[in-house]
Every structure is written in C-alpha cells, then in structure tokens.
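These notes are about the structure you will find just below.
The values are calculated or read from the model by the stated rules, or taken from the named source; none is laboratory data. What you are looking at is a predicted structure, and each value in this text was computed from that prediction instead of being measured. Here Cβ is always computed from backbone atoms with ideal geometry, including for glycine, and neighbour counts include all displayed protein chains.
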Amino acid sequence: MNYDIVIGLEIHVALLTESKFLCSCSTAFGAAPNTQCCPVCLGLPGSLPMVNEKAVEYAVKAGLALNCQVHHFSRFDRKNYFYPDLPKAYQITQDTYPLCTDGYLEYYIDDQLHRTAITRLHLEEEAGKLIHSGGSIVDSEYSLVDYNRAGIPLIEIVTAPDITSPRQARLFLEQLRLLMLYIGVSDVKMEEGSLRCDANISLKPQGSAVLGTKVEVKNLNSFRALERALEYEAERQRIVLEQGGKIRQESRTWDERSGRTASMRSKADAPDYRYFPEPDLPPLRLDPAWVERIKASLPERPLERLRRLEKEFGLSRYEATFLVNYPDFGQLFLELAVAGGDNRALINLLMGEYAGLAREFGHLEPERLTELLAIVDEGLITHSQSKAVLEELFRSPLSPRQIVKEKGWEVLRDVEQLREAIQGVLAGHPDLLDRYRAGEERLFGFFVGQVMRAVQGKADPKVVNQLLKEELNRLV
C-alpha cells in the first residue's frame with residue numbers, strides 16, 4: 001500500500017530582547033551557568049512578573065510578517081507540569097486566547113510556489129537548559145540544570161498538518177528562519193537554541209482523508225536533522241503498518257549519531273497540563289494604531305526581495321536565491337546596483353571570488369567594489385587581473401586604483417611590445433607552430449595562454465587574440 005506523509009511543525013523562536021520576558025535579567029548567551037537568574041524567573045514566593053513590551057512588539061511583528069490575524073485581546077495562561085528545567089513547575093504561555101492566528105508562509109520548492117498554513121503564534125517563556133552527562137538524554141547517567149535561559153521570551157509558531165515530505169519541512173523551516181532574520185526579531189541560531197523545532201508526523205493511506213496516528217519527534221537541532229529524522233520516521237512507520245502493526249502515539253527523540261529515532265514517552269501517558277488563566281498578569285490589550293505602526297515598519301521580506309531581484313535586475317532564480325539566502329550579500333548588491341553599472345559583472349563578482357573572501361575577512365566597503373568594477377570596465381586592468389586586485393583589497397587599505405598603480409598591474413597597451421611577446425612565444429615553440437600550420441587549430445588557445453604568461457596577464461585577451469591571429473596568418 002502507498003502512503004501519504006502528513007507533517008506539522010511546532011517552532012520555538014527566542015526573541016532578540018536584551019532582557020527576559022517577565023523580568024529584567026539579561027538574555028545574553030554564554031554566561032556562566034545560573035548567573036542570569038532572579039526571584040521572578042526562578043518563581044520564588046512573593047515575586048511578580050511584568051511583561052516586556054519589546055517582546056510583545058516582536059511577536060506582533062512576526063505575526064504580521066506571517067500574514068496572521070493579530071488579536072487586540074489575548075490572555076496568558078499557566079501550563080502546569082513538573083520537569084527539572086522548569087523552576088516554577090509551570091510555564092506562562094498563551095493557550096485559549098493566543099496573540100496571532102490564521103496565517104501562512106509562502107516559499108519555493110523547485111520553482112513551484114508552496115503555501116503552509118500557520119494555525120497560531122503565541123508568546124511564552126522559555127524553560128531552563130538540561131546539560132546531559134552523555135551525548136544525549138538517552139545515554140546519560142545524570143543531567144545538570146542551567147536556569148539562565150529560563151524566562152527568555154519565545155514565540156511558538158504552529159503549522160497546519162499540510163507539509164507532505166521531509167524535504168518540504170526543511171525548506172519551510174529554512175524560509176521561516178530567513179523571515180525572522182529579515183524582520184530582526186531573532187538571531188535564529190539553532191546552535192544556541194534560539195530556533196528549535198519539534199515535528200509531528202503520521203502516515204495515511206494514499207488519498208485518504210482520515211489522518212493516521214501522529215508521532216512527535218524532538219531534539220531536532222539542525223535543518224539536516226529535521227529532514228533526516230522525518231525520513232527515518234516515515235520509513236519506520238511504513239514498515240510497522242505494512243507488517244500489520246499499529247503506530248503508538250508517542251514522543252520520540254532523534255539520535256544524530258545512530259541516525260535513528262528512539263521512544264521517549266507515550267503521549268497517552270502525558271499529564272493534563274491543567275491550563276488556567278495566569279493570575280499575576282492581566283489580559284494583553286493592544287492599541288490597533290500601535291499594531292498598524294508595526295505593520296508599516298515591516299522591512300522587505302525574503303520572498304518580496306526574491307521577486308524584486310528577478311524583475312527589476314533581471315537575475316536568474318539561482319542568483320536571486322543566493323542574494324536572498326545571504327542577506328548581507330543581497331544588501332551589498334542592492335547598494336551597488338542602485339549606484340548604476342553592470343549588474344551582470346556585479347553578481348558574477350559577488351557569487352565568485354568575493355564570496356569566499358568575504359566569509360573569511362568580512363565585507364568590503366561598497367565604494368571600493370564600485371571602483372574595482374569601474375577600472376575593469378575602463379580597461380585599466382583585465383578581468384583576470386581583477387581577481388588579484390580583489391584579494392589585495394581585503395588586505396590593504398588602498399583603493400583599487402592605488403593598488404594597480406603600486407603593483408604595476410595596468411593593462412599593457414603597447415601593441416609593438418605585444419607583437420614582440422607573440423613572436424617570442426612562436427619562436428620558442430617551432431614544433432607546435434608546424435603542427436598548427438598542418439591544421440591543429442586547437443593549439444591557438446595554447447599560444448594565447450603562453451603570450452598571457454609572458455606579459456604576466458597584463459594584456460587584454462581580445463587584443464592578444466587579434467594580434468596572434470594576424471601573426472599566425474602571416475607565418476602560415
């Protein structure tokens with residue numbers, strides 16, 4: 001029997017505020033364990049929370065960017081459960097009345113536009129962090145708890161179960177990460193835990209409207225892990241069903257080393273969270289005008305930039321996608337393209353030698369790149385020489401023109417000098433010259449290369465080609 005894969009994602013995004021959601025403790029990453037805690041985030045008796053307005057602003061911004069309906073009335077609830085990383089034994093979240101609902105995110109898969117529905121986006125506080133003695137919770141003898149992370153503001157984004165493949169799930173999450181980065185609400189660093197994802201996956205007979213039993217997969221700390229875990233879990237469930245077994249509703253953890261999921265706990269045994277309205281916080285009431293101002297402040301989103309790069313600048317989907325996926329490169333391209341010039345030369349430069357150097361040394365000032373492209377266009381240096389000048393720009397404070405002058409890299413324009421170099425090359429390879437005369441025209445490229453080497457790459461290849469043809473025709 002063939003099966004359809006049904007996937008829904010639950011994504012937690014840590015908001016980029018300087019202080020925590022309900023207290024003034026720092027959110028800075030990397031501090032010594034348990035040094036960024038206070039009575040509020042530890043839930044000590046007598047402490048009272050106060051909502052961080054910037055966290056609410058960022059959550060509204062994220063909801064608007066995801067095309068959600070932002071509710072002017074929402075409410076906080078207590079989600080009660082016992083776990084070592086939850087110091088209060090409850091989490092302040094939003095259950096019955098979330099901040100945002102009914103949104104969507106659009107993204108491309110192989111040039112086909114897809115839309116995934118967002119059912120809700122709500123605010124909540126982060127739990128602490130368990131540090132396991134082993135490689136994972138599965139093989140650890142004990143765990144330590146760091147409460148520095150407890151109380152950091154989160155948004156939880158829940159998708160509808162309309163993702164149909166592990167690859168689509170990865171591409172969706174990559175696009176969501178990019179969107180959060182563009183609008184500036186999170187640094188979305190998976191390695192630091194500011195972007196985390198749990199996945200629910202089930203199989204159903206192909207074409208059936210009845211969903212199968214879902215399994216939750218946790219510990220997905222990279223895009224690769226998300227895709228691999230869902231691929232494994234889909235195959236595991238398929239084998240169980242084909243052998244006549246039943247899928248248990250459970251939570252499973254992904255083990256990166258073994259490439260397998262392992263059972264953590266049965267969902268049927270999960271405790272009742274006993275949600276009830278948070279008594280220490282009033283309902284959240286938003287001024288509609290304030291929400292509209294946030295909406296008006298939204299920057300260009302990734303999909304909007306992709307379409308603009310294709311339409312206004314004539315870039316291919318591959319080129320536009322590169323600039324969108326690396327926003328710093330995209331911004332640099334836009335700054336330089338607006339100033340005028342050859343966009344084709346610019347995109348080739350940014351996606352070529354510049355990309356590797358910039359990742360190692362950081363970006364150059366736009367005006368220095370503009371000058372580099374200009375002197376190539378003027379013919380002061382050749383395209384091949386521009387690579388050497390570019391490398392020097394990352395190591396030297398000089399301008400491109402100054403570098404060219406200091407290194408003596410100006411294009412050789414003396415025709416007689418070029419003719420002498422060509423004649424010297426041909427005289428130095430009499431056997432190859434005879435073979436060329438006999439009809440081996442492919443040797444022409446060899447002669448061009450030797451001439452360029454003789455003049456240290458300073459000549460315009462078009463001029464060399466023309467002069468070489470004239471000399472060979474004379475000799476033949």
Study note, to complete from the structure: Of the residues in segment 327-353 that are assigned to a helix (DSSP H, G or I) and charged (D, E, K, R), the one that is farthest from residue 174 (Cα to Cα) is 344
Review point. Among the residues of segment 308-326, is any surrounded by 20 or more Cβ atoms within 10 Å (Cβ to Cβ), part of a helix (DSSP H, G or I) and acidic (Asp, Glu)?
Key: yes
Check your understanding: Which ones in segment 33-43 are farther than 14 Å from residue 145 by Cβ and surrounded by fewer than 17 Cβ atoms within 10 Å (Cβ to Cβ)?
Key -> 38, 39
Check your understanding: Since residue 146 meets every condition but one in (1) under 29 Å from the mean Cα position of the chain (by Cα); (2) surrounded by 22 or more Cβ atoms within 10 Å (Cβ to Cβ), which condition does it not meet?
Key -> (2)
Review point. Counting only residues that are part of a helix (DSSP H, G or I), in contact with a Leu (Cβ under 7 Å, 6 or more places away or on another chain) and farther than 20 Å from residue 406 by Cβ, how many does segment 354-369 have?
Key: 2
Point to revise | Only listed residue being out of contact with any Ser or Thr (no Cβ under 7 Å at 6 or more places or on another chain), outside any loop (DSSP other than H, G, I, E, B), surrounded by 22 or more Cβ atoms within 10 Å (Cβ to Cβ) and modelled with pLDDT of 95 or more, chosen from 171, 154, 113, 178 | key: 154
Study note, to complete from the structure: Among (1) buried (at least 16 other Cβ atoms within 10 Å of the Cβ); (2) closer than 29 Å to residue 90 by Cβ; (3) at pLDDT below 95, residue 217 falls short only on (3)
Review point. Can you tell which of 60, 56 is under 24 Å from residue 174 (Cβ atoms), assigned by TED's automatic domain parsing to the domain that holds residue 152 and either over 29 Å from the mean Cα position of the chain (by Cα) or not in a strand (DSSP E or B) (or both)?
Key: 60
Check your understanding: Any idea how many residues of segment 187-243 are part of a loop (DSSP other than H, G, I, E, B) and either hydroxyl-bearing (Ser, Thr, Tyr) or within 21 Å of residue 170 (Cα to Cα) (or both)?
Key -> 10
Exercise for review: Answer with yes or no whether residue 254 is closer than 30 Å to residue 106 by Cβ, aromatic (Phe, Trp, Tyr) and not in a helix (DSSP H, G or I).
Suggested key: yes
Practice item. From 79, 88, grab the single residue that is more than 26 Å from the chain's Cα centre (by Cα), crowded, with 17+ Cβ neighbours inside 10 Å and assigned to a strand (DSSP E or B). Key: 79
Check your understanding: Within segment 131-149, is even one residue over 27 Å from residue 35 (Cα atoms), in a loop (DSSP other than H, G, I, E, B) and of a type in the set (Asp, Glu)?
Key -> no
**Study point:** Single unsatisfied condition, residue 437 versus (1) over 27 Å from residue 350 (Cα atoms); (2) buried (at least 18 other Cβ atoms within 10 Å of the Cβ)
**Key:** (2)
Revision key, fill the gap. The one condition residue 272 fails out of (1) in contact with a helix residue (DSSP H, G or I) (Cβ under 9 Å, 6 or more places away or on another chain); (2) modelled with pLDDT under 95; (3) part of a loop (DSSP other than H, G, I, E, B); (4) acidic (Asp, Glu) is (1)
Practice item. Can you confirm whether segment 381-390 contains a residue that is at pLDDT 75 or above and outside any helix (DSSP H, G or I)? Key: yes
Review point. Since residue 245 meets every condition but one in (1) touching a residue at least 24 places away in the same chain (Cβ under 8 Å); (2) surrounded by fewer than 16 Cβ atoms within 10 Å (Cβ to Cβ), which condition does it not meet?
Key: (1)
Review point. Scanning for something of a type in the set (Gly, Ala, Ser) and crowded, with 19+ Cβ neighbours inside 10 Å, does segment 420-429 turn up at least one residue?
Key: yes
Check your understanding: Looking at segment 444-454, is at least one residue in a loop (DSSP other than H, G, I, E, B), surrounded by 12 or more Cβ atoms within 10 Å (Cβ to Cβ), touching a helix residue (DSSP H, G or I) at 6+ places or on another chain (Cβ under 6 Å) and of a type in the set (A, V, I, L, M, F, W, C)?
Key -> no
